[in-house]
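Have a look at the structure below, then the notes.
Coordinate-derived values only; no laboratory data. Small disclaimer: the values here were computed from a predicted structure and weren't measured. Positions of Cβ are generated from backbone atoms using ideal geometry, with glycine treated the same way; all protein chains shown enter the neighbour counts.
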Amino acid sequence: MFNDIGPLELLTLVVLAVLVFGPDKLPKMIQDVTRTIRKIREFSENAKDDIRNELGPEFKDFEFEDLNPKTFIRKQLENDELGLKEIRNGFDLKKEMAEVTDAVHGRESESPSSPSSPSSPSSSSSSGSVDMTKKPEKTDPDERPPFDADAT
């Protein structure tokens, strides 16, 4: 609860409490605060138990922390009733991205059994595929670039 309070801040709070309440009343104030916190915790636990009892036996393992969407999804994915682990293990994102990149650049994808050297973009464009790389065409330094009225 108070994980971000440093020792200097804690000392400041203690000194401030002694100055505000006085050394005579401070122990009684601490007892009152701890008693109040204990009652609030007890009240919340009783409320949770009452809700679990009202829901019935099918919700006996219900945890209120599961109402947090991250916790709920994490718990459902750990069940693995849908076979998500096999799907996740069978999908190689790096391989898929390499294949897409090779397809965009017009290279043949390399298979692990027979590695082939990637063809140059000029030979791939002559074979019918389109070169998708953004290479600026060589222009004269005096020539102005084309004007696109819709882009401005």
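Computed from phi, the 3J(HN,Hα) profile of region 32-43 under the Karplus parametrisation 6.51, -1.76, 1.60 (θ = phi - 60°) reads 5, 5, 5, 5, 5, 4, 4, 5, 5, 4, 5, 4 Hz, with x in place of Gly and Pro. Along the axis of the charge dipole computed for region 1-74 (Cβ charges of +1 for Lys and Arg, -1 for Asp and Glu, origin at the Cα centre), the listed residues V15, T71, T34 are led at the positive end by V15. Inter-label distance, L8 to K28: 3.5 nm, where each label sits 7 Å from its Cα along the C-beta direction. Maximal additional length on extending the L67-L16 stretch stands at 14.5 nm, based on 0.36 nm per residue less the C-alpha distance.
If you bin all the Cα-Cα distances of region 19-65 at 5 Å, starting from zero, the percentages per bin are 4, 19, 16, 12, 11, 9, 9, 7, 6, 5, 2. Extension gain for the segment I40 to V100, taken as residue separation times 0.36 nm less the Cα-Cα distance, is 15.8 nm to one decimal.
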